[in-house]
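Shown next, in structure tokens, is the structure this report addresses.
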Ligand code: GLP
């Protein structure tokens, strides 16, 4: 690597989204089945739907002792939540997690933590949430999706590596992208969210970035080629010692040199 070329992120390239989902689900499960598992950091979005489905499928095949372990020791913290949407709102990330993991895995709902989108003071809630994660020992394994504009969590560009958990205003492109989860209506997507910052994300011991589909080819190419900069918030991950990008061939289609 020359002095000018960006540091390489470890890349696991798999054939398709299904293979990616199975790979990531295995990693999550083996983390959760450790004798004393540290906290999981979880993400939402379309990318994680097959991941969580694969996790549920794998968990259903566990012997009873391991299922019990999973239920007893599960503690996860999500990256973000929309301001204004409560746990019972069908489009909240809390509802997403409940439907995809809590219910099918029979987990204690209190073991899947998210910022509270309904509090009157989102700034105070962001501080409280970050403090709760620190008090729980920090994140052991952080799962991340990748926004088409390079965001991780809801850290929209420009964003520094030192950003902390805080309320953020979502950009129009993100609201358009996420409209799919709001019956297709970008105006229904809340303008504000509470997100972990890059500081909390980079404090995780290990990070898995999941990138699938041709729509992510451009941003994945930039992530793999560009030096860290505020314009591509995910690029700060290059400074972390234990990041694995797990991608399918479609997402890597602009990176012939890498594949
Ligand atoms: C969303 C979420 C992220 C997610 C990312 C990618 O807006 N805040 O946590 O990982 O953007 O979303 P998708 O998987 O739908 O492309």
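The values are calculated or read from the model by the stated rules, or taken from the named source; none is laboratory data. Just so it is clear, the structure is predicted and the values come from calculations on it, not from any experiment. Note that each Cβ is placed from the backbone with ideal geometry, even for glycine, and that neighbours are counted across all protein chains shown.
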Checklist line | Complete set of residues in the range 182-221 that are within 10 Å of the ligand (Cβ to nearest atom) and either free of Cβ contacts under 8 Å to residues at least 12 places away in the same chain or surrounded by fewer than 19 Cβ atoms within 10 Å (Cβ to Cβ) (or both) | finding: 213, 215
Check: Hey, among the residues in the range 222-239 that are crowded, with 20+ Cβ neighbours inside 10 Å and assigned to a helix (DSSP H, G or I), which one's farthest from the ligand (Cβ to nearest atom)?
Finding: 224
Item checked: Unmet criterion (only one of (1) surrounded by fewer than 20 Cβ atoms within 10 Å (Cβ to Cβ); (2) more than 12 Å from the ligand (Cβ to nearest atom); (3) closer than 15 Å to residue 192 by Cα) for residue 173 -> (2)
Notebook entry, point to check: Do we have residue 151 as surrounded by 15 or more Cβ atoms within 10 Å (Cβ to Cβ), modelled with pLDDT under 95 and either within 16 Å of the chain's Cα centre (by Cα) or within 25 Å of residue 251 (Cα to Cα) (or both) here?
Noted result: no
Next item on the list: For the range 99-110, enumerate the residues that are surrounded by fewer than 18 Cβ atoms within 10 Å (Cβ to Cβ), more than 16 Å from the ligand (Cβ to nearest atom) and in a helix (DSSP H, G or I).
Entry: 103, 104, 109, 110
Item checked: Residues satisfying the stated conditions in the range 240-259, i.e. more than 16 Å from the ligand (Cβ to nearest atom), in contact with a helix residue (DSSP H, G or I) (Cβ under 9 Å, 6 or more places away or on another chain) and modelled with pLDDT of 95 or more -> 240
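Yes/no per residue for (1) at pLDDT 95 or above; (2) within 16 Å of the ligand (Cβ to nearest atom); (3) closer than 21 Å to residue 32 by Cα; (4) part of a strand (DSSP E or B):
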{"position": "119", "(1), (2), (3), (4)": "yes, no, no, no"}
{"position": "124", "(1), (2), (3), (4)": "yes, no, no, no"}
{"position": "141", "(1), (2), (3), (4)": "yes, yes, yes, yes"}
{"position": "147", "(1), (2), (3), (4)": "yes, yes, no, no"}
{"position": "167", "(1), (2), (3), (4)": "yes, yes, no, yes"}
Next item on the list: Scan the range 191-199 and give yes if some residue there is at pLDDT 95 or above, in a helix (DSSP H, G or I) and on the phi < 0 side of the Ramachandran plot, otherwise no.
Entry: yes
Check: Taking residue 178, is it assigned to a loop (DSSP other than H, G, I, E, B) and either closer than 14 Å to residue 45 by Cα or within 10 Å of the ligand (Cβ to nearest atom) (or both)?
Finding: no
